[in-house]
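Only the coordinates and a few stated rules stand behind these numbers; no lab work does. The model shown is predicted, which means the values in this text are computed figures rather than measured ones. Ideal geometry is used to build each Cβ from the backbone, glycine not excepted, and the neighbour counts take in all protein chains shown.
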Amino acid sequence: MTEQQGPGQADLATAIQGRTDEEIVALVAERGGDAVLQAVFAGMAAAFQPERAAGQSAVIQYDVRTAEGVASWQLHVAGGACTLARGAAQPPRVTLSLALPDFLRLIYGQLDGMQAFMTGKLQLSGDIFFPQMMQSWFASPRS
């Protein structure tokens with residue numbers, strides 16, 4: 001795959017570091033918004049550590065606000081596996097809603113989740129305490 005079709009996790013983390021929201025939106029558009037989100041969510045599913053979930057199951061939904069509208073993605077954790085689904089087909093245990101630049105910063109460790117929540121950049125619905133527990137289920141893709 002070329003960088004345009006599917007940027008690597010480390011590449012994207014480096015590319016967004018220190019950028020403004022507008023610069024991140026332009027960068028993602030240049031690389032193909034759907035391809036970037038697909039790569040990020042696939043990376044999240046691949047980073048799942050089943051031993052840390054200890055038999056838990058959950059549907060975790062992300063609503064990412066983009067220039068085209070809200071892109072919903074779900075991570076389904078069950079039976080020691082994590083699978084990815086585009087859209088909002090299953091009822092989620094928690095939904096995390098945020099703008100595309102803040103979503104990428106959060107995923108790559110450039111935005112603290114608690115700070116994002118307290119400043120309104122991250123909105124939670126459902127089990128709002130669950131994200132603190134589930135973050136340990138995934139290896140860090142941070143740069």
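One table, with the values for the structure above:
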| quantity | calculated |
| --- | --- |
| FRET efficiency for Glu23 and Met133, using Cβ-Cβ distance with R0 set to 30 Å, rounded to 0.05 | 0.35 |
| Among Ala15, Gly43, Ser57 - extreme Cα towards positive end, dipole of the range 9-127, charges at beta-carbon | Ser57 |
| Helical contribution to [θ] at 222 nm, DSSP H n ≥ 4, -39,500 (n - 2.57), averaged over the chain, rounded to 500 | -10500 deg cm²/dmol |
| Antiparallel DSSP beta bridges within the chain, as percent of all bridges there, nearest 5 | 75 |
| Cα gyration tensor shape for the range 2-143, rounded if a/c is under 1.5, else prolate or oblate | prolate |
| Sparse-neighbourhood loop sites, GluC sites (Glu not before Pro) in the range 8-81 - DSSP loop, at most 12 other Cβ within 10 angstrom | Glu68 |
